[in-house]
1. Give the range of the longest stretch in chain B that excludes all GluC sites (Glu not before Pro) found in loop regions by DSSP and having at most 13 other beta-carbon atoms within 10 Å.
2. Can you list the equivalent-ellipsoid semi-axes of region B:8-129, largest first and in whole Å, using the square root of 5 times each Cα gyration tensor eigenvalue?
3. Which of the lysines could be linked to B:Lys106 by a straight reach, that is with a Cα gap under 17 Å, when you skip same-chain ones fewer than 8 residues away?
4. For A:Thr20, A:Thr266, B:Thr72, which order do you get if you count the other beta carbons within 10 Å of each Cβ and list the fewest first?
5. In terms of the Cα gyration tensor, with a ≥ b ≥ c the square roots of its eigenvalues, is region A:239-324 rounded because a/c is under 1.5, prolate because a/b exceeds b/c, or oblate?
6. Can you list the lysines whose alpha carbon sits under 18 Å from that of A:Lys176, skipping same-chain ones fewer than 8 residues off?
7. Relative contact order of chain A: what whole-number percent is it, with Cα pairs under 8 angstrom and at least 6 residues apart?
8. Where both partners of a DSSP beta bridge lie in region A:40-248, what percent of those bridges are antiparallel, to the nearest 5?
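Every number here is computed from the coordinates shown, using simple stated rules; none is lab data. These figures come from a predicted structure and were not determined experimentally. Heads up, the Cβs are rebuilt from the backbone with ideal geometry, glycines too, and the neighbour counts pull from every protein chain shown.
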Amino acid sequence: MELVDSMLAGNEQSLARLITLVEREAFEVPEIMSRIYPSLGKAYSVGFTGPPGGGKSSLVDRLTAVIRGKGFSVGIIACDPSSPFSGGAVLGDRIRMQQHYLDKGVFIRSLATRDSRGGLSRAARGALKLMDAFGKDFVLVETVGVGQTELDIVDAADTTVVVLVPEAGDAIQTMKAGLLEIADIFVVNKADREGADSLVSELEKMLHQSPKQEWWDVPAMTTQAVNDIGTEELYQNIVSHREALEQTGRLALHRQRQRKGEFIQTIQHRLMARIMKLVETDGSMMASLEDVEKGKTDPYSASMEILTNKTLLHNWLAELEREN
Amino acid sequence: MAEEKKIRVLMAKPGLDGHDRGARVLTLGLRDEGMEVIYTGLRQSPEMIVQAAVQEDVDVVGLSCLSGAHKTLFPSVVEQLKSKGVEDVLIVGGGIIPKEDISFLKEKGINAIFGPGTSIKEIANYLKENVKRS
């Protein structure tokens with residue numbers, strides 16, 4: 001594929017276009033992914049997640065400056081939510097990153113979540129791979145503003161940074177499962193506001209009582225992104241976490257797990273798409289869908305009806321033969 | 001599940017004026033029309049706009065200018081996109097643009113100019129009908 005070759009040769013436009021193809025789930029995607037597969041695994045990915053308005057974009061912006069200062073190149077993937085009503089989106093993370101617009105060593109791409117619910121666009125992992133193949137040393141992935149359970153970032157990033165604000169909560173909040181369990185590094189941003197130190201100390205107590213693992217002490221630190229305070233320390237913490245992962249052989253294990261998860265999710269997603277397409281083209285199956293909608297049939301028996309439907313399997317096979 | 005084609009729009013403010021109410025209203029309006037709108041903020045140079053348009057792989061670049069410098073800034077964006085080989089992006093402008101400048105801007109490669117009073121629907125329909133990329 002010409003596009004892949006020119007991307008691998010360093011063409012930004014081709015990289016951008018390939019990300020678009022991944023976003024659209026174009027039919028070329030499997031071929032693209034297999035073509036870049038040999039070039040993968042060099043980039044180190046860092047995920048940033050946390051509630052909306054916590055300063056994730058600003059932090060990514062400042063951290064990018066630090067990383068560029070060390071001579072490394074950076075890719076940024078910034079996710080923002082799609083409207084459940086219109087399907088549209090306002091992608092406004094880039095606006096915090098203006099200092100890097102003209103830096104050839106920084107590539108920023110905004111992605112809408114479209115129909116994904118886990119805080120990341122479904123295309124984020126594909127975009128990450130493309131940026132890796134393109135030769136970026138670091139890829140920083142920013143999730144949408146999340147609540148407590150949108151945790152997809154763990155399956156995409158090598159190091160996960162959870163960004164909180166001083167008002168994020170008291171001791172009980174820090175004990176809750178979900179978001180606060182996935183942090184490899186805690187950042188309490190906007191630390192010029194009241195409560196930052198006490199939140200850090202609550203986090204530390206929680207971490208002390210319930211350590212994530214014995215080989216890595218999750219640090220809880222404060223930053224002020226807009227004043228560029230704490231960003232160098234954040235970089236050092238990321239580097240330390242990377243070293244810990246590498247020295248204990250866990251980076252390879254972590255990536256193994258991610259690959260497995262991605263494999264299963266890809267199958268689930270494509271399978272579902274395929275089945276729905278077949279259902280939509282079959283009158284009798286559409287009729288049973290309608291019965292479910294109207295409450296005439298229960299969803300369980302209707303779904304069994306569809307999954308054991310021989311016409312569906314037959315049409316599926318016929319479609320496969322046509323495609324080959 | 002091949003996604004239906006989403007129209008991606010870069011909403012940009014070239015030059016030095018600080019009036020972005022119009023750009024923001026349109027950003028929200030086009031969102032509600034189902035488009036993905038990237039707003040890059042105030043005081044962008046044509047270089048910054050072009051770089052963002054390339055990286056974001058947008059279908060539309062919307063330029064808003066109220067400073068009077070549209071005759072320099074808008075064509076500069078078009079030129080630089082062309083020099084990067086980007087020819088399939090729809091480029092539209094708005095702001096305070098005197099009527100007599102419109103034909104000049106169109107000659108320079110701006111596809112359409114939408115002045116004050118244009119409805120969001122009109123702009124959205126124009127974009128939907130005229131995006132160049134499949």
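1. Working: sites that count: B:Glu4, B:Glu87.
Here the longest segment lacking exposed loop sites spans B:5-86.
2. On the way: eigenvalues 65, 58, 41 Å².
Each semi-axis is the square root of five times an eigenvalue, giving 18, 17, 14 Å.
3. Those lysines meeting the cut-off are B:Lys71, B:Lys82, B:Lys132.
4. Working: A:Thr20 20, A:Thr266 16, B:Thr72 12.
Listed from fewest to most nearby Cβ atoms, that is B:Thr72, A:Thr266, A:Thr20.
5. On the way: a/c = 4.68, a/b = 2.36, b/c = 1.98.
Cα axes put region A:239-324 in the prolate bin.
6. A:Lys205, A:Lys212
7. In percent, rounded to a whole number, it is 17.
8. Details: 3 of 31 bridges.
Bridges in region A:40-248 are about 10 percent antiparallel.
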